[in-house]
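**Q** Mind looking over this structure? Questions follow.
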Amino acid sequence: MSSREDILGRVRARLNRGATNAALAREQMLAALSQRTQGPKPAVDAAPEALLARFREKSEVMASTVDIVATEAEVPAAVARYLVAMKLPKTAVAWPSLTTLDWATAGLTVEGRGARDADLVGITGCFCAVAETGTLMLCSSPGTPAAVSLLPETHIAIVRAPRIVPHMEDAWNLARKELGSLPRAVNFISGPSRTGDIEQTIVLGAHGPYRVHLVIVKE
């Protein structure tokens, strides 16, 4: 028996869960989720252009930088512009699912794999983005390794405008609808890593990237 099975088995025992009542308990849980009431939420204009504008505004408040392009084909050039402007390396690690983009023509060397300690730039997509707070929602999988957004000093995220939702609740609803079961890890990213532990002075890059740059694709 693995440690995971042992822990979950002890939890089930304390909850009196077994083969005879597990199905009923799951039905009750799903019913509670489908009938739940949501608390008050700030008004957010759900029109596509309004969502994009609010997401950009809130992202910049959280110290992210933003570039907007019309099509996915323009992403490599946009990333190259940012790296040159910031005097950063033109080499990066990216989600394997992004390796089909034409990075070489933009003068970039991009490897599709999980990040290692020597990688300085990581490029990801996102499952969706939240306009209310300027937040990215990333769901881990073999094709979307979480380390790419967490280990490198610079995180560049590709955000598709049609995937910007008004509120955090909408992001979770979309995940339940499209993913079926939740992934091993769901990470919410609102700008660069930061801490205020020392004398309440905000320091960027304390537990992750120093920089977060967003390339929003309008198509």
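**Q** For a quick check, take a GNM of the chain with Cα springs below 10 Å and name the residue from THR195, THR154, THR135 with the largest mean-square fluctuation.
**A** Checking each option, the largest mean-square fluctuation is seen for THR195.
**Q** When a footprinting reagent is the concern and you count Cβ atoms within 10 Å, what order do LYS41, LYS218 take, fewest first?
**A** LYS41, LYS218
**Q** Which one of ALA118, ALA78, ALA131 has the biggest mean-square fluctuation once the chain is modelled by GNM with Cα springs under 10 Å?
**A** Among ALA118, ALA78, ALA131, the largest GNM mean-square fluctuation belongs to ALA118.
**Q** While we're looking at this one, here's another question. For the chain, give me the percentage of DSSP beta bridges that are antiparallel, rounded to the nearest 5 percent.
**A** DSSP beta bridges in the chain are roughly 30 percent antiparallel.
**Q** Which of the trypsin sites (Lys or Arg not before Pro) across the stretch 1-63 are loop residues per DSSP, with 11 or fewer other Cβ within 10 Å?
**A** ARG36
**Q** Sticking with this one: When the chain is treated as a GNM, springs tying every alpha-carbon pair under 10 Å, which of GLN38, GLN28, GLN200 comes out with the largest mean-square fluctuation?
**A** In the Gaussian network model the winner is GLN28.
**Q** Let me ask something else about it. At a Cα cut-off below 13 Å, give the aspartates and glutamates reachable from LYS90, other chains included and same-chain residues fewer than 8 away excluded.
**A** Partners found: GLU111, ASP119.
**Q** Something else about it: How many angstrom lie between the C-alpha centres of the stretch 1-51 and the stretch 99-137?
**A** Comparing the Cα centres of the stretch 1-51 and the stretch 99-137, I get a distance of 30 Å.
**Q** I would also like to ask the following. Check each of the trypsin sites (Lys or Arg not before Pro) in the stretch 136-200 and keep only those in coil by DSSP with at most 13 other C-beta atoms within 10 angstrom; list them in order.
**A** Counting only loop positions with at most 13 other Cβ atoms within 10 Å, the trypsin sites (Lys or Arg not before Pro) in the stretch 136-200 are ARG184.
**Q** Please give the helix 48-61 orientation as an angle from the longest Cα principal axis of the chain, in degrees from 0 to 90, rounded to the nearest 10.
**A** The angle comes out at about 80 degrees.
**Q** Rg over Rh of the stretch 91-219, using C-alpha atoms and the Kirkwood radius, what does it come to?
**A** Using Cα coordinates only, the ratio equals 0.98.
**Q** Quick one: if you take sqrt(5λ) for each eigenvalue of the C-alpha gyration tensor of the chain, what semi-axes come out, biggest first, whole angstrom?
**A** 34, 22, 18
We did not get these values from a lab; they are worked out from the coordinates using the rules stated. Being a predicted model, the structure only gives us computed values, none of them experimental. Reconstructed Cβ throughout: ideal geometry from the backbone, glycine too, with neighbour counts over all protein chains shown.
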